[in-house]
1. Can you tell me what share of the DSSP beta bridges in region 24-233 is antiparallel? A percent to the nearest 5 is fine.
2. If one puts a single equal scatterer on every Cα of the chain and applies the Debye formula without solvent, what log₁₀ I(q)/I(0) results at q = 0.10, 0.12, 0.14 Å⁻¹?
3. Please name which of Pro161, Asn147, Ile111 has its Cα lying farthest along the dipole of the chain towards the positive end, using unit charges on Cβ (Lys, Arg +1; Asp, Glu -1) and the Cα centre as origin.
4. State the number of lysine pairs found in region 24-233 whose Cα atoms come within less than 22 Å, restricting to pairs 8 or more positions apart or on distinct chains.
5. In percent, how large is the relative contact order of the chain, given Cα pairs closer than 8 Å and 6 or more residues apart?
6. Which one, Gly76, Gln99, Ile178, projects farthest toward the positive side of the charge dipole computed for region 24-233 from Cβ point charges (K/R +1, D/E -1)?
7. Arrange the peptides 101-108, 148-155 so that the one whose residues have, on average, the most other Cβ atoms within 10 Å appears first.
8. Could you rank the peptides 26-34, 186-194 by their average count of other C-beta atoms within 10 Å per residue, with the highest value first?
Amino acid sequence: MARNSTFQFKQFTIWQDKCAMKVCTDACVLGAWADLENAGRVLDIGAGTGLLSLMSAQRNSNALIDAVEIDADAFGQAGENVAKSPFHNRIKLYHTAIQEFDPHLQYDVIISNPPFFQDDLKSPDKKKNLAHHAHSLDFEELVVAINRLLLPSGKFQVLFPVEEGTRFQQKAKTAGLILNRKLTLCHHSGKNPFRLLMEFQKTEKYAAPVNESVLYIYENDGVTYHPSFRDLMKDFYLIF
């Protein structure tokens, strides 16, 4: 196996040799930052390797987690990762598009690292296209799915590049979703932001004033991990 075929966390391992999208720092930050408190049921849209489902299961020992993945190879690998984890009895995977997913229930939390790029040129790699590009799930379809599957008191946590995130925020607002928290992710203070993590609520009754913050992965030297990042990831990364 190639060196990047596995990623070892403190409580589980991600095998990723069959997935176009490998474990990345921004997805790990989403898994650690998402508000899962008191969530009985969690939905992971676009499970990929199963990373977010496994992080959610580690953080909330009572949650039952459903994960939806459209790509056959990623679905199979996520299943293997879940089966080998200590959380296998609380995570259920579905090989389907979210547009066709009908669980006959709604969720306390929905978490997603969705297809990013709405307009960019596509890669010749079909698997990377499916993982990166929104032709399989555009903003409108994602918002429809959230409104259909999220409880009135529920929270939707999502990750986007800055430009796409700004556009999605407008789409979500138009559809009635209310921004509750926003985290701007930067490599360090000398770099421009590269990701937005956002939490939306479905109903004004449960929304709070928007909480905005910035997280730096590194100190200004670009090598030393920032204390805030270390604190966020300490339950997951072996190096902390």
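Only the coordinates and a few stated rules stand behind these numbers; no lab work does. Computed from a prediction, not measured in an experiment: that's the story for all the values here. Glycine also receives a Cβ, built like all others from the backbone with ideal geometry; neighbour counts cover every protein chain displayed.
1. Antiparallel bridges: around 35 percent, rounded to the nearest 5.
2. Values, matching the q order: -0.44, -0.65, -0.91.
3. Ile111
4. 16
5. 17 percent
6. Ile178
7. My ranking of the peptides, most packed first, is 148-155, 101-108.
8. Most protected by this proxy first, the peptides run 26-34, 186-194.
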